[in-house]
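The values are calculated or read from the model by the stated rules, or taken from the named source; none is laboratory data. Keep in mind the model is a prediction, meaning the values are calculated, not measured. Neighbour counts are summed over all protein chains in view; Cβ atoms, including those assigned to glycine, are modelled from backbone coordinates with ideal geometry.
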Amino acid sequence: AQKITQTQPGMFVQEKEAVTLDCTYDTSDQSYGLFWYKQPSSGEMIFLIYQGSYDEQNATEGRYSLNFQKARKSANLVISASQLGDSAMYFCAMRVLTGTASKLTFGTGTRLQVTL
Amino acid sequence: KAGVTQTPRYLIKTRGQQVTLSCSPISGHRSVSWYQQTPGQGLQFLFEYFSETQRNKGNFPGRFSGRQFSNSRSEMNVSTLELGDSALYLCASNGQANTGELFFGEGSRLTVL
C-alpha cells in the first residue's frame, strides 16, 4: 500500500518569497510517480508538477520545482516568488506505475496563505 | 481543448434518495477515475474506468457504482444516500496509461440533508 504524509496543515509566506511544502511517501514499489496539485476554493484540482521515480533530474514547471530525494522518500514542492493567487490547498499525491490503473493516493494537504 | 466537465456542479438531496453525477473527460482520453473529498477523510479513490470497463475500485460500499460509455463519458451513482455522503466528488481523466498527470474537473458538490 502507498502512503503520503504532509505534516504542515498550514503555511504562511510573504508575497515574492519562496516557500517549501513538505511531502514524504511510502511505497514498496520501484516504479511510481509523484504529483502536486493545487486546489483553490472553487474545488478544482489543478495539476502543478510531476516526478517519475526513475527521473534523474528534479522536475521544474515555471515557478514550481520538485525537490525529489529518493533515498529519503521525500518530494517537496518549492514555489518561488510567491503570488497572492498561490493561496490555496496543496496536495501531494502518488501513483504506482506498474500495471495500467490510474489510482492516486493523496496526502492530507497543506493550506498555503500568501500575505502582502 | 476542452477540459474535464462535471455536471451538476452543486446539488442537494435528502437521505434515502439517489444521485447520478456525470463526467466528460478530455477528448481522446479513455480513462476516467472518481474521487470523494470530505473534510474528515480527505481525498479517497472511488473507482476507475477504461474503455467501458472498471479496472480499479476503492473501498466504498456497493451503494457507490459507476459506468462508462463508448464515448468515454462516465457516470457515478450513489443510492440510498446517507448524511456522510455529503462531499465534493471529483472526476479525473488520463490519456496516458502509466505516466503523466491526471486532469481533474471542477467537481460536483453534493449535500445530503
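For this structure, a couple of remarks:
- Residue, nearest to B:Thr14 (Cα to Cα), within the range B:74-96, restricted to residues that are among the hydroxyl-bearing types (Ser, Thr, Tyr) and within 9 Å of the chain's Cα centre (by Cα): B:Tyr89
- Count of the range A:74-108 residues which are out of contact with any Leu (no Cβ under 9 Å at 6 or more places or on another chain) and within 14 Å of A:Ile49 (Cβ to Cβ): 1
- Annotation: of all residues in the range A:33-48 being surrounded by fewer than 19 Cβ atoms within 10 Å (Cβ to Cβ) and in a strand (DSSP E or B), the one that is farthest from the chain's Cα centre (by Cα) is A:Ile46.
- Scanning the range A:68-97 for residues that are more than 8 Å from chain B (Cβ to nearest Cβ) and outside any strand (DSSP E or B) yields A:Lys70, A:Ala71, A:Arg72, A:Lys73, A:Ser80, A:Ala81, A:Ser82, A:Gln83, A:Leu84, A:Gly85, A:Asp86, A:Ser87.
- Checking B:Gln96, B:Gln37 one by one, the residue that is modelled with pLDDT of 90 or more, within 22 Å of A:Leu104 (Cα to Cα) and within 12 Å of another protein chain (Cβ to nearest Cβ) is B:Gln37 and no other.
- Test: residue in the range A:42-53 that is over 17 Å from B:Phe103 (Cβ atoms), touching a Phe, Trp or Tyr at 6+ places or on another chain (Cβ under 6 Å) and not charged (D, E, K, R): yes
- Boolean, B:Arg15 is surrounded by fewer than 17 Cβ atoms within 10 Å (Cβ to Cβ), among the charged types (D, E, K, R) and assigned to a strand (DSSP E or B): no
- For A:Asn58, the conditions (1) without any contact (Cβ under 8 Å) to a residue 12 or more places away in the chain; (2) more than 26 Å from A:Glu17 (Cβ to Cβ); (3) away from chain B (no Cβ under 14 Å) all hold with the exception of (2).
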